[in-house]
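The values are calculated or read from the model by the stated rules, or taken from the named source; none is laboratory data. These numbers were taken from a predicted model, which means no experiment stands behind them. Cβ placement follows ideal geometry from the backbone for every residue including glycine, while neighbour counts extend to all protein chains displayed. What goes into the accessible areas is simple: the full protein's heavy atoms, side chains included, and nothing from ligands, DNA or RNA. Shrake-Rupley method; radii C 1.70, N 1.55, O 1.52, S 1.80 Å.
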Amino acid sequence: MLPAMTASTPPNRTNAWLALEQHAQQTAKLHARELFEQDPTRFARMHVELSGLLFDYSKHGVVDETLRLLMALARERGVEEARAAMFAGEPINVTEQREVLHTALRASTDEGLRVDGALVFPLVQTELRKLRGLSDRLGRGELRGHTGKPITDIVNIGIGGSDLGPVMVTEALRPYWRPGLRAHFVSNIDDADLSHVLLDVQAETTLFLVASKTFTTDETLTNARSAREWLLRELGAGKEAVAKHFFALSTNVNGVVDFGIDPANMLEFWDWVGGRYSLWSAIGASIALVLGMDHFESLLAGAADVDAHFRAAPLEANIPVLMALLGVFHTNFRGCATHAVLPYDQHLHRFPAYLQQADMESNGKHGRKNGDEVVGYETGPVVWGEPGTNGQHAFYQLLHQGTRVVPADFLAAARSHYPLGQHHDKLIANFFAQSEALMRGRTLAEATAELTAEGLSPEDVRRLAPHKVFSGNRPSSTFLYDLLDPRTLGRLVALYEHKIFVQGVIWDVNSFDQMGVELGKQLAKAILPKLEGDAPVTGHDASTTALIERYRALRA
Ligand code: F6P
């Protein structure tokens, strides 16, 4: 067992935490702009490179002592031991008593890991071979529908981790799509979601992937049933057509069979893969089909690069550890409640949404791992974001001059997939400018000088200058890489996965369950039968009762 992980000392009573509280007070007035002015080596000392990916954390307004104390916190909280336990396949998901082995899905060598006696590596390799077989058949045009026409459209039906990872990756890697293939994603139980996709595809040439770890998720099964009805109706065929148009991606063979999909059409994964960490597993089948297996394997290799870095690099030069600790500093010692993810890359437009689940479902928790105590400090921040430059014309006003400090991640590639005039240079100029502006700010003297130079009257200068002041000192990290290719994307995603893991260890929460989503599901089940008929609505508060009654009246 892990002494630090089970230690009863609350994280906020450790020596390092208490020292950080003091340090945060003492350094509250430090401004990053001055730190840069005082230390020309600041960038050189505060960045890490990993296989061409540059991580710059010098704009955080922290000093060497901050980092030293944060590293001490990581060590006191047992981050190194926890990391070893995860990679060794210990059941660190304590509530569900499961191993956490998404890293094994991208491992290139057999480390002899076993779960319940079964060797993990051969299991993974067998499923990868199956996936390659399917993907290669599709690539050769050999995957054909019931009427014999080649499949052209892949529709992934899944939600949460069974949707967000695949949709984020396929969108991010659009330049790599196989010609002639299209990918669609249906997640919402709102009938608009499935209906729009069905309007856009032909039954004869469509393959549905029903993606669900548990194969019990109501949204996914409801959508999958409706898709199946539509398919059989469109084809005028019997159930035998299902085998040519439906595959299941799941851990639950019985559920798949009950639904009516032959296990031969199932790609399997295992309980030790968390839903929000599952894009590397069979859940990523839509990625492998649409991009081809070679690109899917590059994605896995990118994640494996980061696994190796996370395992071996000293904490001081370990990118996910630095990301996590800086986040902890802002969350717990600077009172920041949210974290913005700002990709300057249209292909990453679903990346913030993907990270919302990865981060908020993992660390949005108030209970300590031992279950007996509620944490006495903040845990996971609200994660949000939009691609730049769009966000600049929407919410950046608050980032620059709002009363809340929002730590941010800026991400961009040096090269575009579609070079078009000066677009990319302009994009990148904005990318650099925004983090610089957030860090530097603008003083009253600077604003006054600028307005005066513009020729405004002294009276107008006095009136306007205070409104042009930016406090600056707003922390951000920058990720700069060559090109958003599959391997780079794999690296980026794995960096965030491990960041989330480290923060969970610091905060002493179990990052691998999601019990907070259950009550709503339970209540929805109880409400559904009450939406029909006119029996008195009972068992709810006055607001919910009135809303149910109004809904009944409106739909009648
Ligand atoms: O409701 C939350 C959740 O359990 C997520 O953790 C998960 O990714 C999603 O639902 C979908 O679950 P499944 O893959 O089992 O359908």
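Some observations on this one:
- Kirkwood Rh in Å, taken over all unlike Cα pairs in segment 406-498: 16.0
- Each Cα pair under 8 Å and six or more residues apart adds its separation to the average, and for segment 175-288 the resulting relative contact order is 24 percent.
- The chain - percent of accessible surface contributed by carbon and sulfur, probe 1.4 Å: 52
- Viscosity 1.002 mPa s, 20 °C: Kirkwood-radius Stokes-Einstein D of segment 324-482 over Cα pairs, µm²/s: 121
- Calculated log₁₀ intensity ratio I(q)/I(0) where the Debye formula runs over C-alpha points of segment 1-80, q = 0.18, 0.19, 0.24 Å⁻¹: -0.86, -0.91, -1.09
- Coarse-grained scattering of segment 99-185 at q = 0.10, 0.16, 0.20, 0.23 Å⁻¹, given as base-10 log I(q)/I(0) from a Debye sum over alpha-carbon atoms: -0.37, -0.86, -1.10, -1.20
- Within straight-line cross-link reach of K130, lysines at Cα separation under 17 Å, skipping those fewer than 8 residues along the same chain: K244
- In the context of the full protein assembly, D190 retains an accessible surface of approximately 80 Å², using a probe radius of 1.4 Å and ignoring ligands and nucleic acids.
- Cα lying deepest toward the dipole's positive end in the chain, options V273, G335, H31, charges on Cβ: H31
- Computed over neighbours whose Cβ is under 10 Å from that of T251, the net charge equals -1, Lys and Arg +1, Asp and Glu -1.
- Radius 14 Å from Cβ of G165, net charge of other residues (Lys, Arg +1; Asp, Glu -1): -1
- Reachable lysines from K239, criterion Cα separation under 20 angstrom, eight or more residues apart if same chain: K149
- Based on every Cα atom in the chain, Rg and the maximum pairwise Cα distance Dmax equal 25.6, 82 Å.
- Amide H contacts under 5 Å for F246, placed H, 5+ residues apart: F208
- Rolling a 1.4 Å probe over the protein heavy atoms gives the chain an accessible area of 45 Å² per residue.
- Listed residues R334, R33 arranged by accessible area, highest first, probe 1.4 Å: R334, R33
- Dividing the mean sequence gap of close Cα pairs (under 8 Å, 6+ apart) by how many residues segment 2-104 holds gives a relative contact order of 29 percent.
- Total formal charge among the other residues, if their Cβ is under 14 angstrom from that of F431, Lys/Arg +1 and Asp/Glu -1: -3
- Of all lysines in the structure, the ones whose alpha carbon falls short of 23 Å from that of K468, not counting any fewer than 8 places away in one chain, are K29, K59.
- Surface/4 estimate of mean projected area, convex hull on alpha-carbon atoms of segment 384-453, nm²: 6.3
- For segment 59-154: rounded, prolate or oblate by the Cα gyration tensor [a/c cutoff 1.5]: prolate
- Trypsin sites (Lys or Arg not before Pro) lying in DSSP loop within segment 397-441, provided at most 15 other Cβ fall within 10 Å: R404, R415
- Long-range HN-HN contacts of T338 with modeled amide H, under 5 Å: V382
- Relative contact order (%) - the chain, alpha-carbon pairs under 8 angstrom, separation at least six: 19
- Dipole magnitude (debye, nearest 20) for segment 445-503, charges at Cβ of Lys, Arg, Asp, Glu: 300
- Overall, the chain carries a charge dipole of about 420 debye about its Cα centre when +1 sits on the Cβ of Lys and Arg and -1 on the Cβ of Asp and Glu, all other atoms neutral.
- Note on H184: accessible area approximately 20 square angstrom, rounded to 10, probe 1.4 Å, nucleic acids and ligands left out.
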